[in-house]
Every structure is written in C-alpha cells, then in structure tokens.
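Colleague: Handing you a structure now.
The values are calculated or read from the model by the stated rules, or taken from the named source; none is laboratory data. Being a predicted model, the structure only gives us computed values, none of them experimental. Note that each Cβ is placed from the backbone with ideal geometry, even for glycine, and that neighbours are counted across all protein chains shown. When the accessible area is computed, the model is the full protein with side chains, heavy atoms only, and any ligands, DNA or RNA have been set aside. Shrake-Rupley method; radii C 1.70, N 1.55, O 1.52, S 1.80 Å.
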Amino acid sequence: MVQLLTPTGTRRTDGDYADRVSHLGRTELETMYRDMALVRRFDAEATALQRHGELGLWPPSQGQEAAQVGSAHALSPQDFVFPSYREHGVARVRGLDLNTLLLLYRGQQHGGWDPFANNFATPSLVIGSHTLHATGYALGIQRDGDVGTGDPSRDRCVITYYGDGASSQGDVSEAMVFAASANAPVIFFCQNNQWAISVPTAVQSPGPIVDRGTGFGIPSIQVDGNDVLASYAVTAAAVERAHGGGGPTFIEAVTYRMGAHTTSDDPTRYRTAQEEESWRRLDPLERLRTHLEAEGTGAEFFAELEQEADELGASARDYCRSLQSPAPESMFDHVYAGRHSLVEGERAWFHDYEAGFEEAE
Ligand SMILES: Cc1ncc(C[n+]2csc(CCOP(=O)(O)OP(=O)(O)O)c2C)c(N)n1
C-alpha cells in the first residue's frame with residue numbers, strides 16, 4: 001500500500017511514488033489542508049442542516065477528505081470527473097460552489113449543474129452506473145485524438161469515483177472490460193471506506209478490492225486513502241499514463257467513513273465504537289496538521305482557517321434557508337435540453353392534476 005505521510009505525520013521520501021510529490025512543499029500542503037478542513041466544516045454544517053429539517057438527506061464525507069482532495073489536485077483542468085454522491089472534496093477542488101450540492105438534498109432540483117463549467121458531472125445516486133458514463137466519455141476523448149499528443153494542455157482523461165460496494169455492481173465490471181479492451185483514458189478511483197451501508201468490505205469482497213482491477217487486466221494500485229500525498233501521487237501517475245495513451249488505471253484508496261452512510265442511517269447498529277476509535281486515530285486531517293506544524297506552519301494559519309470555516313458554515317446555513325420552493329412544474333424543465341413531446345404531455349397532465357386541487361378548494 002502506497003503511503004507517503006505516516007499516521008504520525010512523518011513524510012516518507014523513499015519508494016516508487018515519492019518523486020511524484022517532491023515538488024509539493026509546505027505551501028501546497030497548506031492548500032490541501034485548507035481544502036480538507038473547509039470541506040469537513042461544510043459537511044458538518046450540511047449534516048446539522050439535515051438534523052434541523054432543512055435538508056431531506058445528506059451523505060457525510062468525513063474521513064474521506066484526503067482520498068478526495070489529494071486525487072483531485074492531481075488532475076488537469078481539462079480532465080473530466082464522474083462522481084457519485086459523496087465526493088464533496090472533489091467538488092471543492094474542481095471549483096464547484098459547495099452550496100450547489102445542497103440543492104439536490106433539499107429537493108430543490110434533481111441534482112443538476114453545468115457539468116462543463118468545472119468538468120465535474122452531476123452526481124450518480126445509482127451506485128456504479130456512472131462508471132459506464134466515465135468509460136464512454138473516455139472513449140470519446142480517445143476518438144477526439146486527445147490522448148498521447150504530448151501536449152499537456154490537450155491530452156485529457158476521465159476519473160470516476162465510487163465505493164467498495166459499488167465495485168460489486170455489474171456496471172462497474174462492464175465499464176472496466178470496455179476500458180481495458182479499448183485502452184481508454186479512464187481512472188477508476190474506488191474509495192474503500194470499509195462499509196457499503198451496513199455490509200463490511202470483508203463480506204462485499206472475499207479478496208482485496210484492488211485485485212478486481214488486476215483481474216480485468218488494468219494496472220492497479222492500493223493506496224493509503226487517509227494520506228493526501230499518497231492519493232495525489234498515485235493519481236498523478238495514473239493521469240500521466242492515461243494522458244500518454246497508456247490506458248486505464250484502477251486505484252483502491254483504503255479509507256474510512258467516519259460518520260453515518262447518510263443521515264438516515266445509524267452506524268451503531270452494525271459497527272463497534274472500538275472500530276470507529278481505531279480509525280479516528282488515522283484521521284486524515286490530524287496527520288497532515290501534525291506534519292504542517294512540524295514543518296513550521298504557525299497557529300495563525302489554523303486560526304485564520306477556523307474563521308474561514310465559520311464563515312463558510314454560516315454562508316451554507318444562510319443559503320440553504322434562503323431557498324424558496326421551486327415551482328412544481330419546474331421538474332420537467334431539464335429532462336431534455338429542448339422540447340420533447342412526451343415530457344410536454346406529462347407536464348400538461350401534471351398541470352391539470354395540480355389545478356384539480358384548486359377547483360376542489
Ligand atoms: C443500483 C443501486 N443499488 C442499490 C442502491 C442502494 N445503495 C445506496 S448506497 C449503497 C451502498 C454503497 O456503498 P459503497 O459503494 O461502498 O459507497 P459508500 O456509500 O460507502 O461511499 C447502496 C446499496 C443504489 N443506490 N443503487
């Protein structure tokens with residue numbers, strides 16, 4: 001398992017991947033820490049908003065910040081991301097306004113934003129389905145001739161994020177078969193957070209998850225997902241291979257979902273406090289903070305960040321509470337880009353149905 005920052009915050013300079021991060025100094029690591037800390041705060045606020053009845057549901061990302069932020073920083077702007085529903089850290093690094101994530105979970109809309117604004121596709125709640133979209137998009141990149149040109153501003157690839165549970169879906173196997181057969185520029189980034197709701201990885205997969213990639217003939221690597229440097233390093237290597245025409249990579253990031261699966265889940269029903277405590281000691285933020293402090297990052301940096309996090313939290317609360325209920329018929333607006341007779345028919349039916357209540361009153 002690739003690890004470049006130990007749980008006690010010591011940076012490793014040996015091993016195959018150390019060169020991949022040698023250009024990252026304290027300033028870059030402070031940026032990554034900032035991303036991780038702000039996402040954690042946003043995540044806590046969103047969880048609290050759900051508890052206050054302001055959101056219908058929220059999938060917390062606490063514990064997975066290093067896997068997400070490290071890998072996302074290794075991407076080029078022209079690369080394309082296909083996330084599932086928990087990739088709040090990736091969203092931030094791609095430049096998406098985090099408040100946008102709240103819209104889906106408040107029922108304001110069905111989860112839409114312009115995917116091309118940040119090359120960050122809309123989330124998939126159907127587990128694993130988006131890996132097919134990722135491979136398909138990667139095949140398109142290949143046919144556009146945007147791999148192996150040697151021009152760093154032109155070569156591009158796709159990364160798709162999903163969980164250990166999703167790796168059991170048939171869609172993921174199909175996506176990998178096509179990616180391997182066509183040598184498509186796609187990175188399969190599996191965050192093994194140990195649980196698929198209440199099913200542990202040991203039940204989900206009798207063998208290591210990383211071997212699933214190897215089985216498809218895809219170069220595969222297991223990384224400490226709580227280590228932001230390692231996550232960056234293995235993703236950077238995968239991006240380089242994909243850009244150069246070398247095809248797909250499978251990454252298993254070993255991490256932990258510290259919170260509930262979603263706010264409708266109670267993890268105390270299926271896992272022990274002991275297990276949670278042992279992973280809490282591997283908290284990805286703590287180890288980077290320890291490292292930064294040892295490197296000379298002062299208390300002022302953390303104090304300013306704390307203030308920024310408070311402001312971010314307050315703005316998330318204000319934003320969420322300021323949202324007005326959308327017009328019911330707006331759910332038909334974005335099914336197709338243009339007019340579609342079937343959707344128009346459904347819209348008309350719905351309009352009459354709603355009007356029926358007014359008449360009854
Ligand atoms: C096709 C499909 N089957 C079942 C579900 C219900 N479901 C939602 S999340 C989940 C578990 C996902 O676990 P994992 O892939 O490990 O991702 P994590 O939630 O841990 O990030 C399941 C079974 C779904 N959303 N889609």
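Colleague: In contact with an Asp or Glu (Cβ under 8 Å, 6 or more places away or on another chain), β-branched (Val, Ile, Thr) and without any contact (Cβ under 8 Å) to a residue 60 or more places away in the chain: which single residue out of 39, 81, 2 fits that description?
Modeller: Answer to the selection: 39.
Colleague: Related question: Pick from the stretch 144-177 the residues that are within 21 Å of the chain's Cα centre (by Cα) and more than 16 Å from the ligand (Cβ to nearest atom): which of them is surrounded by the most Cβ atoms within 10 Å (Cβ to Cβ)?
Modeller: Going through the qualifying residues, I end up with 157.
Colleague: Which condition number does residue 245 fail, the rest of (1) assigned to a helix (DSSP H, G or I); (2) more than 16 Å from the ligand (Cβ to nearest atom); (3) of a type in the set (Gly, Ala, Ser) being met?
Modeller: Result: residue 245 passes all but (1).
Colleague: A further question follows. Working carefully through the options 241, 269, 280, find the one that is free of Cβ contacts under 8 Å to residues at least 24 places away in the same chain and over 24 Å from residue 172 (Cβ atoms).
Modeller: Of the residues listed, the single one that is free of Cβ contacts under 8 Å to residues at least 24 places away in the same chain and over 24 Å from residue 172 (Cβ atoms) is 280.
Colleague: What single numbered condition from (1) away from the ligand (no atom under 15 Å from the Cβ); (2) touching a helix residue (DSSP H, G or I) at 6+ places or on another chain (Cβ under 8 Å); (3) over 27 Å from residue 244 (Cβ atoms) fails to hold for residue 111?
Modeller: (1)
Colleague: Also: If I filter the stretch 51-73 for residues that are away from the ligand (no atom under 16 Å from the Cβ), among the acidic types (Asp, Glu) and out of contact with any Cys (no Cβ under 9 Å at 6 or more places or on another chain), do I get at least one hit?
Modeller: Within the stretch 51-73, not a single residue is away from the ligand (no atom under 16 Å from the Cβ), among the acidic types (Asp, Glu) and out of contact with any Cys (no Cβ under 9 Å at 6 or more places or on another chain).
Colleague: Only residues that are of a type in the set (Ser, Thr, Tyr) and within 22 Å of residue 169 (Cα to Cα): list them for the stretch 207-238, please.
Modeller: 214, 220
Colleague: Could you check residue 147 against (1) in a helix (DSSP H, G or I); (2) closer than 19 Å to residue 244 by Cα and say which number it fails?
Modeller: Result: residue 147 fails condition (1) only.
Colleague: Moving on to the next point. Scan the stretch 287-326 for residues that are crowded, with 16+ Cβ neighbours inside 10 Å and in a loop (DSSP other than H, G, I, E, B) and jot them down.
Modeller: 297
Colleague: What number goes with the only condition from (1) open to solvent by less than 50 Å² (accessible area, probe 1.4 Å); (2) near the ligand (Cβ under 10 Å from one of its atoms) that residue 180 does not pass?
Modeller: (2)
Colleague: What number of residues in the stretch 183-221 are outside any loop (DSSP other than H, G, I, E, B), under 13 Å from residue 252 (Cβ atoms) and within 16 Å of the ligand (Cβ to nearest atom)?
Modeller: 10
Colleague: Mind counting the residues in the stretch 257-276 that are open to solvent by 70 Å² or more (accessible area, probe 1.4 Å) and part of a helix (DSSP H, G or I)?
Modeller: Selection size over the stretch 257-276: 4.
Colleague: Also, quick follow-up: Within the stretch 213-235, can you find the residues that are open to solvent by 20 Å² or more (accessible area, probe 1.4 Å) and in contact (Cβ under 8 Å) with a residue 40 or more places away in the chain?
Modeller: 216, 221, 222, 232
Colleague: Could you please tell me which pairs satisfy a Cβ distance under 9 Å, a separation of 6+ or placement on different chains, a first residue in the stretch 158-169 that is under 15 Å from residue 248 (Cα atoms), and a second residue that is within 7 Å of the ligand (Cβ to nearest atom) and assigned to a strand (DSSP E or B)?
Modeller: Partner pairs satisfying both residue conditions: 161/191.
Colleague: In the stretch 13-25, which residues are modelled with pLDDT of 95 or more and surrounded by fewer than 17 Cβ atoms within 10 Å (Cβ to Cβ)?
Modeller: 18, 19, 22, 23, 25
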